[in-house]
Amino acid sequence: MLNLVVEPSGPVNLEALDAALRAALGSVVLGVSAADGGVRIHLRADASPDAAAQARSLAVRHDPAALSPRQQAERDRSDQLAAARRAAGGTLDPDAFADPRLRALAQRVVWLALEIEALRARLGEE
Amino acid sequence: MPAVWTQPITWEVDQLVTEGQLNEQVRDNLEWLKNPPRAAAALAANIATTSTAFVDAPGLALTLTTAGGALVVGFTGVAGNAAGATVVFDLVVDGVSQGGLDGVVGTNVGVVPLAFVWLVEGLAAGAHTVKLQWKVSSGTGTLYGGGTAFLRFKPQLWAREV
């Protein structure tokens with residue numbers, strides 16, 4: 001295994017750096033580690049000098065604000081959820097429904113919404 | 001000065017016991033037994049990895065010189081990865097993996113306390129290296145050593161000749 005030690009100038013988004021390295025260099029990348037402000041890039045022992053140089057260059061130019069595909073998907077999901085919450089507006093009023101079946105259904109929806117809010121509060125989510 | 005272990009003498013009838021032998025056989029060997037070779041390392045900050053092959057866990061490596069006995073090695077820490085992804089730890093003594101393919105201990109259910117006590121036998125007298133290595137199946141594995149509120153633990157790796 002080839003270990004490259006890089007001293008980044010700022011904070012590191014380890015997952016995003018890992019994703020960028022794998023996207024650029026493929027299976028020669030085994031991963032990255034972080035400790036004491038430093039980063040180690042782990043490459044397969046048969047990594048070429050060019051691959052090592054490219055890995056080092058990517059790490060030095062690393063932007064911690066750039067997200068990995070998984071982080072981006074998670075952020076997108078979170079944004080969609082927040083938008084859906086805003087769009088849902090105020091509380092559903094079961095009494096607004098004349099049909100008893102619809103009123104019962106609305107009561108169930110209100111109950112489920114309250115249960116979810118309680119769970120989110122317990123998890124510390126806003 | 002650290003005590004030195006000397007192979008005990010098999011005493012014979014009427015054998016003259018000298019001051020030097022008493023000091024060596026009784027005092028020094030007892031001191032060695034009381035204070036055998038040992039080493040420890042602890043973390044004061046988080047470390048993290050995305051490596052899918054075993055790599056050294058920074059700051060958790062030891063060197064010690066033994067008298068030919070077995071080593072007891074211990075580790076304790078709190079580590080985790082996203083649920084469903086593993087983070088596993090292996091013990092490596094003189095470059096030899098003790099756990100094999102997926103190490104000695106690990107988790108795939110989020111952040112949990114992890115620990116092991118491991119007996120290493122068959123070591124010759126002399127200098128030995130003891131390392132903790134780790135890897136993940138995917139995602140980012142973290143060993144918590146002080147960088148995250150409410151997860152400010154102190155992982156420790158230690159070894160002692162027995």
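The values are calculated or read from the model by the stated rules, or taken from the named source; none is laboratory data. These numbers were taken from a predicted model, which means no experiment stands behind them. For neighbour counting, all protein chains shown are included, and Cβ atoms are generated from backbone atoms with ideal geometry for every residue, glycine included. The area values use the complete protein model at the heavy-atom level, side chains included, leaving out ligands, DNA and RNA. Shrake-Rupley method; radii C 1.70, N 1.55, O 1.52, S 1.80 Å.
Observations on the model:
- Residue that is nearest to the other protein chains (Cβ to nearest Cβ) [pool: residues in region B:58-68 that are under 16 Å from residue A:35 (Cα atoms) and modelled with pLDDT under 95]: B:58
- Taken over region A:29-39, the criterion of being more than 7 Å from every other protein chain (Cβ to nearest Cβ) and in contact with a strand residue (DSSP E or B) (Cβ under 7 Å, 6 or more places away or on another chain) is satisfied by A:29, A:38, A:39.
- Screening residue A:5 with (1) more than 18 Å from the chain's Cα centre (by Cα); (2) within 13 Å of another protein chain (Cβ to nearest Cβ); (3) open to solvent by less than 70 Å² (accessible area, probe 1.4 Å) gives one miss only, at (3).
- Cβ pairs under 7 Å, 6+ apart, first in region A:92-107 and open to solvent by 80 Å² or more (accessible area, probe 1.4 Å), second not charged (D, E, K, R): A:107/A:94
- Residue match in region B:25-41 (condition: under 20 Å from residue B:119 (Cα atoms), charged (D, E, K, R) and either away from chain A (no Cβ under 14 Å) or in contact (Cβ under 8 Å) with a residue 12 or more places away in the chain (or both)): yes
- Candidates A:79, A:46, A:63, filtered to the one that is in a loop (DSSP other than H, G, I, E, B), loosely packed, with under 13 Cβ neighbours inside 10 Å and away from chain B (no Cβ under 14 Å): A:63
- Some residue of region B:69-85 being assigned to a loop (DSSP other than H, G, I, E, B), at pLDDT 95 or above and closer than 27 Å to residue A:15 by Cβ: no
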